[in-house]
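Trainee: Encoded as structure tokens, here's the structure I'll be asking about.
The values are calculated or read from the model by the stated rules, or taken from the named source; none is laboratory data. Keep in mind that this is a model prediction, so the values were computed, not measured. Note: ideal-geometry Cβ built from the backbone for every residue, glycine included; neighbour counts use all protein chains shown.
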Amino acid sequence: MRSKVESLLLPLTVAVGFICGWHLAVRWSGTDIFPTPKEVVLGTVELARKGVLIKYIVASLFRVSAGYLLAVFIGIPAGLLMGWFGRARMAFNPALQVLRPISPIAWIPVAILWFGVSDLAPIFLIFLASLFPITTSAMAAVQNIQINYIRAARNFGITGLELFRKVVFPAALPQILTGLRLALGVAWLVVVAAEMISVNSGLGYLIIDARNAGKRYDLVVAGMAMIGLIGLGLDWLVRRMETLDEVRWGLSGR
């Protein structure tokens, strides 16, 4: 019970301290450009009343969900196969390691060239940004499985797809989840950058539009705050998966 109270009070204390420090810093500096926390809240309320806030949040979440889930459905199986089969790893890993360091932002001109100013451009960028960390983490997770698990399963006659389903995937799942968390954070960063350039909706577009249309920095910071809060919520959803029995099974041997 005490740990639960502390897990709530400690972050809340830090948040309150940050907001108070932010307010005092703006007041002491005398700036009339950067907004106070109260002005940001009022700007958020203004966006909500106009119906713009929900519209842009839904647009950003749709793009992240589409690109991220596509990367999950492709990246996890590809990583598992490359981690298990040496020849597949030798064939595809060099290409993976060449493409992985390329910043997703560098793909923006190519995405616009291929897909134009549409939802497909940011979805493609999010897919690329998510695919490589997910694939790499899945491949490394299979390679790091304790050999005793495999030997024990084979002694009981478990082979083929059944071995993958009952042993390999559960044992690799904790490290795969780590890759999913990292990929989700990168995907959320990329969608904001892509929306500033290639579309006319979403939280990224809100930030750049508020900056250009009358220098509404209260709306700029409001958009930034929403990005941070939604990112926190998405990370919490992924971390909830760590309570699954399959994940605890994989962690029990570490």
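Trainee: Residues of the stretch 209-230 being exposed (fewer than 15 other Cβ atoms within 10 Å of the Cβ), within 15 Å of Ser60 (Cα to Cα) and among the small types (Gly, Ala, Ser), which ones?
Mentor: Gly228
Trainee: So, in the stretch 46-56, how many residues would count as being farther than 20 Å from Glu195 by Cα and either surrounded by 12 or more Cβ atoms within 10 Å (Cβ to Cβ) or touching a helix residue (DSSP H, G or I) at 6+ places or on another chain (Cβ under 6 Å) (or both)?
Mentor: 1
Trainee: Of all residues in the stretch 130-177 being among the aromatic types (Phe, Trp, Tyr) and either within 11 Å of Leu80 (Cβ to Cβ) or in a helix (DSSP H, G or I) (or both), which is modelled with the highest pLDDT?
Mentor: Restricting to residues being among the aromatic types (Phe, Trp, Tyr) and either within 11 Å of Leu80 (Cβ to Cβ) or in a helix (DSSP H, G or I) (or both), the top hit is Phe132.
Trainee: Just to be sure I understand the filter: pairs with C-beta atoms under 6 Å, separated by 6 or more residues or on different chains, first member in the stretch 160-173 and of a type outside the set (Phe, Trp, Tyr), second member surrounded by fewer than 11 Cβ atoms within 10 Å (Cβ to Cβ) and part of a helix (DSSP H, G or I). Which pairs pass?
Mentor: none
Trainee: Output the number of the condition that Ile19 fails; it satisfies all remaining conditions of (1) over 17 Å from Ile207 (Cβ atoms); (2) touching a Pro at 6+ places or on another chain (Cβ under 6 Å); (3) surrounded by 18 or more Cβ atoms within 10 Å (Cβ to Cβ).
Mentor: (3)
Trainee: Anything in the stretch 22-35 that is surrounded by fewer than 11 Cβ atoms within 10 Å (Cβ to Cβ) and in contact (Cβ under 8 Å) with a residue 12 or more places away in the chain? List them, or say none.
Mentor: Ile33
Trainee: Moving on. Please determine whether any residue of the stretch 60-68 is surrounded by fewer than 14 Cβ atoms within 10 Å (Cβ to Cβ) and either within 28 Å of the chain's Cα centre (by Cα) or within 19 Å of Asp209 (Cβ to Cβ) (or both).
Mentor: The answer is no; no qualifying residue exists.
Trainee: Same structure again: Given the criterion modelled with pLDDT under 75, surrounded by 15 or more Cβ atoms within 10 Å (Cβ to Cβ) and in a helix (DSSP H, G or I), identify the matching residue among Val190, Val238, Val247.
Mentor: None of the other options fit; the residue is Val247.
Trainee: Follow-up. Looking at the stretch 147-180, which of its residues are among the polar types (S, T, N, Q), surrounded by fewer than 17 Cβ atoms within 10 Å (Cβ to Cβ) and under 28 Å from Asp235 (Cβ atoms)?
Mentor: Within the stretch 147-180, just Thr178 meets the criteria.
Trainee: Would you mind telling me which numbered condition in (1) of a type outside the set (Asp, Glu); (2) closer than 30 Å to Leu42 by Cα; (3) touching a helix residue (DSSP H, G or I) at 6+ places or on another chain (Cβ under 7 Å) Tyr217 fails?
Mentor: Condition (3) is where Tyr217 drops out.
Trainee: Still on this structure, please answer the following. Go over the candidates Val110, Val117 one by one and state the one that is more than 16 Å from the chain's Cα centre (by Cα), within 22 Å of Trp188 (Cβ to Cβ) and in a loop (DSSP other than H, G, I, E, B).
Mentor: Among Val110, Val117, only Val117 is more than 16 Å from the chain's Cα centre (by Cα), within 22 Å of Trp188 (Cβ to Cβ) and in a loop (DSSP other than H, G, I, E, B).
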